[in-house]
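Visitor: First the structure, which I've put down as C-alpha cells, then a few questions once you've had a look.
Read the figures in this text as sums done on the coordinates, not as results from a lab. Owing to the predicted nature of the structure, the values given are computational and were not obtained by experimental measurement. For neighbour counting, all protein chains shown are included, and Cβ atoms are generated from backbone atoms with ideal geometry for every residue, glycine included.
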Amino acid sequence: TSVQLQKKPTQSPVKTHMLEDCSSSGSLEDDIYVMGCSNVLDTASQISSHQDNRERCIKEKERKKTHVKMDSTRLSKEERLRLMEEKKQLKEREKLLKAASKAEAAEIKKREKEMQKWEKGKYALKSITAEIDKKVVELGSIGGHLLTRFAEKGLSYRITSNPVERTIVWTMVVPEEISMIASEKTEISYVVIIYEAEEFCKLVMNESLVGHVQSVQHRYPHHTICYVTNRLMAYINKREQAQYKNSATYTGWKRPAIEEVLTKLATHFSKVRSRLCVDESELAEHVVGLTCSLASCQFRRKLTRLSVNANGSAIPKDCIDKNLIKKNLWLKALVAIPKVQPRFAIAIWKKYPTMKSLLSVYMDSTKSVHEKEFLLKDLSTEALLSDDRRLGEVCSKRIYRILMAQSGNIKTDDVENGADFFTNHSTS
C-alpha cells in the first residue's frame, strides 16, 4: 500500500483517505484484506473516471451549445440582412410596376382622348390625302395653282398614276398615335376628273363623253363622279366670236351642245355631277374646299329614316327644354309637327317615351278611331306661370292623323282636316 501511494501522488482525496484507512488498520498480513483494499481502489478510480468523463461531456455539450448559439446568431443576422434586401428589392419592383402601370394608364387615357377627338373629326384634315394623277399636274397652270393651294392649306397630297387619267381620288388613314396597329387606307367614294376646255369640247363633239362616264363608273362603281372643267364657257365664247369675225376660217367648227350634255349627266346618270370653273384659281379652290368637305363629312352623324331635317330649328329660342328636345329624336319629331309646341311634346313624351309606345296604342284594334283621336287630350302641360293646362282635342287629333297618315303625297293641313282618313274609308 505504501508503494502504491508513492507511485500515484496525484490521486484524489477520496482515494488517499481510503488508503489511509487501509494503512491505519495495521493488518498487512492478511491477503484477503489487501485484495479488498485493491478492489476498493479500482472502484474509486472507476468512479473518478466516470466523473471526469461526465464533466468532459458536460463541457463538450456546453461548448457545442455555445457554438450552435453563435452560429444561429450569425445565421439569423445573415438571414435578416437577406430578408431586408429581398424586401427592399420587392418594394423597388412594386414601385417600378406601379410607375409602369400608371404610365400605361396615362397613355391609354391619352389615346382615348385622342380617339375621341378623331371620332369628332378633329384630325380629319391631317388624315386625308389627295392622290392626284400626274396628267393633272402636267396640265400647266392648273397643276401649279392646285399644288400651291394644297400647300397653303397644309393638306397632304401624292402625285401618282391613277387607274383613270386626269382624276383625283382621296384616301384617309387613322393617325399612328391613335391606332395601336397600322390601319389600312380607307378610300373615300368620290372622284374628280379635270379637263381643259378644248379637250372637254372634243369629248362632247366626238360623242364619247357618255362612254367615258360608263367606263369611270365601271372602275369606281360606288363613287360619286364630278367632271371639273377649266375656262369652258370662256373658250366657247371666244371660238364663237372668232368664228363670227372670220367665218371663212372657222367653217369646220361647230358649237358643242354643252348645256344639253351637262343636263344629261345630271338626269340620266346616278351620282354624276359637273362643275364649270372660271379659271385655274377657282378650280384649285374648288378642289381644296372639296377635300376639306370630304374629310369632315366622314364624321357626321348618318341620317336615318326617322331623322328630322329641321334638327330642332323649329324650337323657339326661349324654350327652356331646347337642349333636351335636341338630344331626343322622338321629341324632335313631335316638335316638327306643325302647331305642336315644345310643352305639348314634353307632355306626350312623359306619357309615351317612345314613338313605338304611342303607335302601339294607335294600332290597337280594340279601340275606336274616336278614342284614338282624343287619346292625348287630357295630358297636362306645364306653362311658364306654373298654370297646368290640357293638351286639348285639336292637338290630339292632329298628332293622331299625321302619325297614322297612309299617303305621303298630301299636305299636312289636309291630313289634319281628315283628307287621308276619309279617302281611305271611302275607297274601302
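Visitor: LYS77: which lysines have alpha carbons under 26 Å from its alpha carbon, excluding same-chain residues fewer than 8 sequence positions away?
Guide: Answer for LYS77, where 26 Å is the Cα cut-off: LYS61, LYS64, LYS65, LYS69, LYS87, LYS88, LYS91, listed by chain and number.
Visitor: Find out how many positive minus negative residues lie around GLU131, taking Lys and Arg as positive, Asp and Glu as negative, among other residues whose Cβ is under 10 Å from that of GLU131.
Guide: Combined, the nearby Lys, Arg, Asp and Glu give 0.
Visitor: What is the sum of charges, Lys and Arg at +1 and Asp and Glu at -1, for the other residues whose Cβ falls under 14 Å from the Cβ of ARG398?
Guide: With Lys, Arg at +1 and Asp, Glu at -1, the net is 0.
Visitor: Expected output is a single nm value to one decimal: the length gained when fully extending between GLN241 and LYS322, i.e. 0.36 nm times separation in residues minus the C-alpha distance. What is it?
Guide: 23.2 nm
Visitor: 5 Å is the cut-off here: which amide hydrogens, built 1.01 Å from N in the peptide plane, fall below it relative to TYR157, excluding neighbours closer than 5 in sequence?
Guide: ALA130
Visitor: Still on this structure, I have one more. Say R0 is 25 Å: what FRET efficiency, to the nearest 0.05, do ARG300 and LEU329 get from their beta-carbon distance?
Guide: Between ARG300 and LEU329 the formula returns 0.95.
Visitor: How would you order 142-151, 107-116 from highest to lowest mean count of nearby Cβ atoms within 10 Å?
Guide: 142-151, 107-116
Visitor: Hey, what do the phi angles of the range 92-102 turn into as Karplus ³J(HN,Hα) couplings, whole Hz, using 6.51/-1.76/1.60 and θ = phi - 60°, x for Gly and Pro?
Guide: 4, 5, 4, 5, 5, 5, 5, 5, 5, 5, 5
Visitor: Under Stokes-Einstein, with the Kirkwood radius over Cα pairs standing in for Rh, what whole-number D in µm²/s applies to the range 321-404 at 37 °C and 0.692 mPa s?
Guide: D, rounded to a whole number, is 252 µm²/s.
Visitor: Another question, if that's okay. Could you order peptides 121-130, 362-371 by the average number of other Cβ atoms within 10 Å of their residues, highest first?
Guide: 121-130, 362-371
Visitor: Label points 7 Å out from Cα along the Cβ direction at LYS367 and CYS57: separation in nm?
Guide: 10.9 nm
Visitor: Amide H to amide H, which residues 5 or more places from ARG390 or on other chains are under 5 Å from it, using H placed in the peptide plane?
Guide: Under 5 Å from the amide H of ARG390 lie the amide H atoms of THR381, each far enough along the sequence or on another chain.
Visitor: Grab the eigenvalues of the alpha-carbon gyration tensor for the range 125-298, scale each by 5, take roots, and send me the semi-axes largest first in whole angstrom.
Guide: Semi-axis lengths for the range 125-298 are 34, 18, 12 Å.
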